[in-house]
Amino acid sequence: MTTPRIDFYTASPAALKAMLTLEGSIAKLGLEPSLIELVKMRVSQVNGCAFCLDMHSRDAREAGESERRLYVLPAWRETTLFTPRERAALAWAEALTLITQGHASDADYAEAAAEFNEAEMVNLTLAITTINAWNRFAIGFRKALPA
């Protein structure tokens, strides 16, 4: 078990407010809530963020996501349980999360651009960027899971 570092929720109210404002904007961008939760889950899996996985697995279920799809999400490329739009979003999320490994390839971009219009691409990228930021706060400061 790791020891929590600082409580970023209280250490800088201004920073937390900025993050919460950014997070609040994600829900207003017009993307499907279930899609956003899948992206948050997949990014958190890639980053190894237990706190965010715990939170977003509950949020995904509340958004109507099935247990079965959540269980196979780490192997989404190996199943037909995800729509082409979801697959494109997951590929784009992985590409941006692992940006040092492939610099957001043309193939991943083309797949996403085929499923999302320009505004949706920007909105999806903001959602991916935001969950990556939350992961870095939670992992960096060792945010403990709630009891």
Is one or more of the residues making up the range 82-92 modelled with pLDDT of 95 or more, within 21 Å of C49 (Cβ to Cβ) and exposed (fewer than 10 other Cβ atoms within 10 Å of the Cβ)?
no
Those helices (runs of 4 or more DSSP H) completely within the range 56-122 that have 3 or more residues that are β-branched (V, I, T) and within 14 Å of I36 (Cβ to Cβ) are none
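Filtering the range 44-55 down to residues that are assigned to a helix (DSSP H, G or I) and within 12 Å of the chain's Cα centre (by Cα), which residue is farthest from N132 (Cα to Cα)?
Going through the range 44-55, the residues assigned to a helix (DSSP H, G or I) turn out to be 44-47, 50-55.
Next, only the ones that are within 12 Å of the chain's Cα centre (by Cα) stay: 44-47, 52-53, 55.
On the way: S44: 7, Q45: 11, V46: 10, N47: 8, C52: 10, L53: 12, M55: 14 Å.
Looking at the filtered set, the residue picked out is M55.
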Pairs where the first residue, in the range 53-78, is of a type in the set (V, I, T) and the second is surrounded by fewer than 18 Cβ atoms within 10 Å (Cβ to Cβ), C-beta under 6 Å, 6+ apart
V72/T79
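Could you check the range 74-109 and list, in sequence order, the residues that are of a type in the set (G, A, S), within 16 Å of M121 (Cα to Cα) and out of contact with any helix residue (DSSP H, G or I) (no Cβ under 7 Å at 6 or more places or on another chain)?
Step one: list which residues in the range 74-109 are of a type in the set (G, A, S), which gives 75, 88-89, 91, 93, 95, 102, 104-105, 107.
Those left that are additionally within 16 Å of M121 (Cα to Cα): 88-89, 91, 93, 95, 104-105, 107.
Listed by number, the list holds a single entry, A107.
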Taking the condition surrounded by fewer than 17 Cβ atoms within 10 Å (Cβ to Cβ), at pLDDT below 95 and not in a loop (DSSP other than H, G, I, E, B), does T10 pass?
yes
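The values are calculated or read from the model by the stated rules, or taken from the named source; none is laboratory data. Just so you know, these numbers come straight off a predicted model, no measurement behind them. Note that we place each Cβ from the backbone using ideal geometry, even for glycine, and neighbour counts take in every protein chain shown.
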